[in-house]
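Only the coordinates and a few stated rules stand behind these numbers; no lab work does. Just so you know, these numbers come straight off a predicted model, no measurement behind them. Cβ placement follows ideal geometry from the backbone for every residue including glycine, while neighbour counts extend to all protein chains displayed.
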Amino acid sequence: MAFATSAIPATPASEQPQTIATLRHGDEVDGVFACTRKERQIARTGSSYLTIELRDRTGAILARAFRGADVLAGRFERGELVRVRGRVERFREALQVEVEAIARAEGEDADPARFLPVAYRDLDELEGFLEHLAREVYDPGLKALLERLLGDQPLRAEIRRAPCSVPGSGGAARPSVGHHAYLGGLLEHTVAVATMALELCTLHPRLDRDLLLSAAIVHDLGKTREFSYGAEIERSREGRLLGHVELGLRLIAGHLPPALEHECRLALEHCVILHHGAEAAAGQRFASAEALALHRLNALDAQVKGAFERGAAGSGA
């Protein structure tokens with residue numbers, strides 16, 4: 001069956017979306033999936049066909065398009081969400097989808113949150129904790145800065161959505177990365193670090209409480225610009241070229257209130273720049289106890305969470 005246009009009508013919203021885990025031999029496929037592989041190949045007959053990997057939260061399945069492969073290939077790219085029509089067949093004892101039509105998903109169908117890993121914790125609850133922590137800052141300049149940042153609704157939505165890293169990154173060689181690698185991870189991590197900062201100030205009252213708490217809240221803001229979302233979480237062009245520290249400094253600069261004194265701004269920026277340690281900050285030294293504290297708290301939450309995510313907790317690793 002040929003399709004004259006690149007658009008494929010959406011399945012009615014009242015119908016339950018198909019999942020890969022429930023597909024069986026002979027099933028008709030009509031749904032939206034993440035495309036994580038796309039290869040143009042040549043059959044023994046000399047004709048071209050497409051090999052595609054489709055994925056959702058329940059699993060993955062190979063799909064092949066034998067008719068009109070070159071035309072279909074122009075309708076989507078690897079890393080996008082795609083609407084697929086076809087039929088499940090058995091090939092060499094494995095299920096695969098014989099594709100009749102495939103095109104880039106559009107509108108409500110193209111919601112990455114349906115396909116990407118998400119935080120287990122309730123995001124509304126985490127946002128409430130973040131607001132509570134921000135209200136614990138009393139310095140006029142820092143308080144005004146946080147109000148501007150958290151009052152920026154598009155930025156607030158990105159704080160809620162962003163992860164802390166790309167799934168699968170990190171590893172034993174770099175235990176401080178590869179953590180909170182799911183949607184909502186940034187919000188979860190920020191609340192954890194800021195909560196620990198508040199507790200640390202109780203144990204060490206000489207710390208500048210407003211500075212450390214503010215720095216904990218804003219230290220990873222650049223991650224709201226570091227990633228892009230489609231079939232997978234990937235680093236954005238901004239993220240690859242600049243990194244989240246520089247992107248975070250730019251966000252802070254774009255929301256500066258008149259009440260924030262210059263020296264206070266410098267102290268806050270210093271904390272942000274050094275939150276991954278002196279080696280990661282071109283060899284700069286810690287100039288304040290607050291910057292050192294933020295670095296340690298950030299690493300603690302990242303490493304503990306990373307251990308849980310890699311299954312190392314409780315194993316002595």
- The simple spin-label model distance between R78 and A43, using points 7 Å out along Cα→Cβ, in nm, is 2.3 nm
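Would you mind classifying segment 67-156 by shape? Square roots of the alpha carbon gyration tensor eigenvalues, ordered a ≥ b ≥ c; an a/c under 1.5 is rounded, otherwise it is prolate if a/b is larger than b/c and oblate if not. Mind showing how you got there, number by number?
Details: a/c = 5.41, a/b = 2.85, b/c = 1.90.
Prolate, because a/c is 1.5 or more and a/b exceeds b/c.
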- Where does helix 289-309 land angle-wise versus the long Cα axis of the chain, in degrees 0 to 90, nearest 10? 30 degrees
- How long is the gain from E246 to Q303 if the chain were fully straight, where each residue apart is worth 0.36 nm and the alpha carbon distance is subtracted? 18.3 nm
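Counting other Cβ atoms within 10 Å, which chymotrypsin sites (Phe, Trp or Tyr not before Pro) in segment 88-192 have at most 10 and lie in a DSSP loop?
Numbers: sites: F91, F115, Y120, F129, Y138, Y182; in loops: F115, Y120, Y138, Y182.
Taking segment 88-192 and a limit of 10 other Cβ atoms within 10 Å, the loop chymotrypsin sites (Phe, Trp or Tyr not before Pro) found are Y120, Y138.
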- Taking a cut-off of 16 Å between Cα atoms, list the aspartates and glutamates near K143, but don't count ones fewer than 8 places away on the same chain. E131, D152, D208, D210, E261, E263, E269
- C-alpha long axis of helix 262-273 to longest principal axis of the chain, angle in °: 40 degrees
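So if each residue of separation counts as 0.36 nm, and I subtract the Cα-Cα distance between L198 and E89, what length gain in nm does that give? Write down the numbers at each step before the final one.
Numbers: separation 109, 0.36 × 109 = 39.24 nm, distance 5.75 nm.
Stretched out fully, the L198 to E89 stretch lengthens by 33.5 nm.
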- Message: I need the calculated FRET efficiency for the pair V71 and A113, taking r as the beta carbon distance and R₀ as 25 Å, to the nearest 0.05.
- Response: 0.25
- Nearest 10 degrees, 0 to 90: helix 140-151 Cα axis against the chain principal axis: 10 degrees
- Average the reciprocal distances over every distinct pair of alpha-carbons in the chain, invert the result, and give the Kirkwood radius in Å. 21.9 Å
- Residue with peak Gaussian network fluctuation, the chain [Cα springs, cutoff 10 Å], from A144, A60, A287: A287
- Message: If I model a spin label as a point 7 Å beyond the Cα along the Cα-Cβ vector, how far apart are those points for H132 and R285 in nm?
- Response: 4.0 nm
- Message: Quick check for me: using +1 on Lys/Arg Cβ and -1 on Asp/Glu Cβ, what's the dipole size of segment 90-233 about its Cα centre, in debye to the nearest 20?
- Response: 460 debye
- Query: Hey, which lysines would be in cross-link range of K305, C-alpha to C-alpha under 18 Å, not counting anything within fewer than 8 residues on its own chain?
  - Reply: K223
